[in-house]
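Have a look at the structure below, then the notes.
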Amino acid sequence: MEMERRTQADRSAATRAALVTAGRELFATHGFNGVGTEALTSAANVSRGALYHQYGDKVELFASVLTTVESEVTERVAAEALSSGETEFAGLMRAALDSWFDACEAPEVQRIVLLDGPAVLGWARWRELCQPYILDLIEGLLRQAIDDGSIEALPTRPLAHALVAMADEAALYVLAADDRPRARAEMSQVFHRLAAGLVTATADPCHDR
């Protein structure tokens, strides 16, 4: 009986993985509205019933795909920021933003995370699914900066929300621009200056006294 349950769980996991892989490619290429359930099940080589059994509908599969992409992007941003050689808060934030902009060049991030995500799931659920990943990363950087006296001991959660909102809006601004390289350079300049200002304007000169 235990072996049977384990086998069934393995089959379910394999079906879910196949659907997520298929959905990831199709949603990134054609957008949510351009992909039907038949295309999804055909690409995943599963039945329509398997899709409904595992996810209920196309929207829930899309939510799972979005979560997968967002978690991978956050891991990439964290790894690249921490391996950038930057040690100060402003430098780490610059490295994280540059990595985020690079990630947004991928069609799956543009279409699934930034464009279709809020439209398909609604802003509240999109935010609920996406933000915990990046918020944990940014809050960690903020706590470290507060602990070492680089920035004032501001409430980390609202500050993290503000920085994440800025990064999302910056990405959307760049994606919508006619001259994207110029828009990215200009937005990077603005964001980098704001990050530096957070440090230089709010650092406590008495911290080490």
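Per residue of segment 148-161, in order, report the coupling 6.51 cos²θ - 1.76 cosθ + 1.60 (Karplus, θ = phi - 60°) as ³J(HN,Hα) in whole Hz, putting x for Gly and Pro.
8, x, 6, 10, 5, 6, 7, x, 6, 5, x, 5, 4, 4
Karplus couplings for segment 11-25 from phi (6.51 cos²θ - 1.76 cosθ + 1.60, θ = phi - 60°), rounded to Hz, Gly and Pro as x?
Here the 3J(HN,Hα) series is 5, 4, 5, 5, 5, 4, 5, 5, 5, 5, 4, 5, x, 4, 6 Hz.
Taking the mean number of other Cβ atoms within 10 Å as a proxy for protection, how do you rank 114-121, 146-153, 174-181 from highest to lowest?
Values: 114-121: 18.2, 146-153: 16.1, 174-181: 12.9.
Ranked by mean Cβ neighbours within 10 Å, highest first: 114-121, 146-153, 174-181.
Could you go through segment 70-75 in sequence order and give the Karplus-derived ³J(HN,Hα) for each residue, using 6.51 cos²θ - 1.76 cosθ + 1.60 with θ = phi - 60°, rounded to whole Hz, and x for Gly and Pro?
Each residue of segment 70-75 in turn: 4, 5, 5, 5, 5, 4 Hz.
Please name whichever of 174, 33, 89 sits farthest to the positive end of the charge dipole of the chain, dipole taken about the Cα centre and charges placed at Cβ: Lys and Arg +1, Asp and Glu -1.
Looking along the dipole axis, the top candidate is 33.
Over the chain, what is the relative contact order in percent, taking alpha-carbon pairs closer than 8 angstrom and at least six residues apart?
Numbers: 184 pairs, mean separation 42.3, N = 209.
Relative contact order for the chain comes out at 20 percent.
Quick one: putting +1 on the C-beta of Lys and Arg, -1 on the C-beta of Asp and Glu, what dipole do you get for the chain around its Cα centre, in Debye to the nearest 20?
Details: 19 positive and 31 negative charges, 116 e Å.
Around 560 debye, computed over the chain.
Figure the gain on full extension for residue 13 and residue 39 (residue separation times 0.36 nm, minus the Cα-Cα span) and round it to one decimal in nm. Each step should come with its number before you reach the end.
Numbers: separation 26, 0.36 × 26 = 9.36 nm, distance 2.00 nm.
Difference between extended and current length: 7.4 nm.
Using only Cα atoms, find the angle between the long axis of helix 180-202 and the longest principal axis of the chain, and express it within 0 to 90 degrees, rounded to the nearest 10.
50 degrees
If contacts are Cα pairs under 8 angstrom and at least 6 residues apart, what is the relative contact order of segment 104-188 in percent?
Details: 38 pairs, mean separation 19.4, N = 85.
This gives 23 percent for segment 104-188.
Multiply the residue separation of residue 124 and residue 30 by 0.36 nm, subtract the distance between their alpha-carbon atoms, and state the gained length in nm to one decimal.
Details: separation 94, 0.36 × 94 = 33.84 nm, distance 2.38 nm.
Using 0.36 nm per residue and subtracting the Cα-Cα distance, I get 31.5 nm.
Calculate for the chain the 222 nm mean residue ellipticity that helices alone would give, adding -39,500 (n - 2.57) per DSSP H run of length 4 or more and normalising by residue count, nearest 500 deg cm²/dmol. Mind showing how you got there, number by number?
Values: 9 runs with 159 residues, N = 209.
Rounded to the nearest 500, the figure is -25500 deg cm²/dmol.
Every number here is computed from the coordinates shown, using simple stated rules; none is lab data. Note that this is a predicted model, so its numbers are computed, not measured. Don't worry about glycine lacking a Cβ; one is built from the backbone with ideal geometry, like all the others, and counts go over all protein chains shown.
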